[in-house]
Structure formats: C-alpha cells, structure tokens
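What follows is a single structure, written as structure tokens, with notes after it.
The values are calculated or read from the model by the stated rules, or taken from the named source; none is laboratory data. Just so it is clear, the structure is predicted and the values come from calculations on it, not from any experiment. Quick reminder, even Gly has a Cβ in these numbers, built from the backbone with ideal geometry, and neighbours come from all protein chains shown.
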Amino acid sequence: MLEEYWEPLREESRETARSNVRTEENHVFPQFMLPGNTATSPMIDVIHRQFHRDLNQFLRQQINEFGQHMRPQRNNAGEMIRQNWSEYSRWSAMREFYNRFGKIYRDEAELFFRSFPEQSFCGK
C-alpha cells in the first residue's frame, strides 16, 4: 500500500528521505480517543494522510452493541466516542489496528506498544 511512497527513496536512508520532505507529528493514540497523550511520531505528510484514511476506515468497522462506530465525524465527535466506548475498548481497537497495519506503520506501532502497555488499561 505505502510501499510506492518509499520505492523512489530506496537509495536514500529513511532519515535522509525524511529530511527532504515535509513531515507532520502524528499522535500514535489519537487525541480524540485519549486526550492529553503526547506520544507522537514524525510522518511524511503523504503517509500521514494515508495513515488517517486507513485508521478511519478501520474505526468505522468497530461497532458496539448499540450499533455505534468509533470513527470520528460530525455527530460522532471524540467526546461522544469516549462516552460510548471504555478506555480499554479504545485501546483494544488501536492495538488491533497496529497489529494489522504494523508492517506499514512500523515506527508508530512500536511507539504505541511501548507508550501504552495493556496493563495501563486493564479493568477500565
């Protein structure tokens, strides 16, 4: 999926490539799901947009017993998502996302699992 973005950069190291393009900070646990978290990772802007497309599509598929999904949008803002889903459920969804997409978003997945271990969310 995102390999086509890295293909032209194969001759250069990732760090050199990142220094030559626009980067943005990405919260590895989205702010609407866990306000105040500061774990961010720099991402190339094009890859950052694709990350959010993949995440939104994934979160739209997360449905609770009342038929509500986790994707943020008008009429389903972060506050509503936090009311409808426990902190542990939100963490579990992000764990599943990174388990599925971790090969593509390797740095972000590693930071997520390092910064937000499961025992921090158990029983909530």
Hey, can you tell me all the residues within the stretch 1-16 that are modelled with pLDDT of 55 or more and surrounded by 11 or more Cβ atoms within 10 Å (Cβ to Cβ)? Arg14
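Each row is one residue, and each column tells you yes or no for (1) surrounded by 14 or more Cβ atoms within 10 Å (Cβ to Cβ); (2) over 20 Å from Phe113 (Cβ atoms); (3) among the hydrophobic types (A, V, I, L, M, F, W, C).
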position	(1), (2), (3)
Thr38	no, no, no
Pro42	no, no, no
Phe51	yes, no, yes
Glu65	no, yes, no
Gln68	yes, yes, no
Pro72	yes, yes, no
Ala77	no, yes, yes
Ile81	yes, yes, yes
Tyr88	yes, no, no
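Inside the stretch 48-124, counting only helices (runs of 4 or more DSSP H) that do not spill past its ends, which hold 2 or more residues that are in contact with a strand residue (DSSP E or B) (Cβ under 6 Å, 6 or more places away or on another chain)?
Fully inside the stretch 48-124 and qualifying: 106-115.
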So Arg71 clears everything in (1) basic (Lys, Arg); (2) modelled with pLDDT under 90; (3) within 18 Å of His27 (Cα to Cα) except one condition, right? Which one? (2)
Looking at the structure I just gave you, is Arg95 in contact with an Asp or Glu (Cβ under 8 Å, 6 or more places away or on another chain) and surrounded by 13 or more Cβ atoms within 10 Å (Cβ to Cβ)? yes
Out of curiosity, is His52 closer than 21 Å to Glu25 by Cβ, without any contact (Cβ under 8 Å) to a residue 24 or more places away in the chain and under 13 Å from the mean Cα position of the chain (by Cα)? yes
Could you list, ordered by first residue, the pairs with Cβ atoms under 9 Å in which the first is in the stretch 35-47 and closer than 13 Å to Arg22 by Cα and the second is in a helix (DSSP H, G or I) and of a type in the set (Asp, Glu), at least 6 apart or interchain? Pro42/Asp107; Met43/Asp107; Met43/Glu108
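Can you tell me which residues in the stretch 22-47 are among the hydroxyl-bearing types (Ser, Thr, Tyr) and either at positive phi or assigned to a helix (DSSP H, G or I) (or both)? I'd like the intermediate steps shown before the answer.
So in the stretch 22-47, the residues among the hydroxyl-bearing types (Ser, Thr, Tyr) come out as 23, 38, 40-41.
Those that are among the hydroxyl-bearing types (Ser, Thr, Tyr) and either at positive phi or assigned to a helix (DSSP H, G or I) (or both): none in the stretch 22-47.
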Give just the number: which of (1) surrounded by fewer than 15 Cβ atoms within 10 Å (Cβ to Cβ); (2) under 29 Å from Val21 (Cα atoms); (3) out of contact with any Ser or Thr (no Cβ under 6 Å at 6 or more places or on another chain) does Phe112 not satisfy? (1)
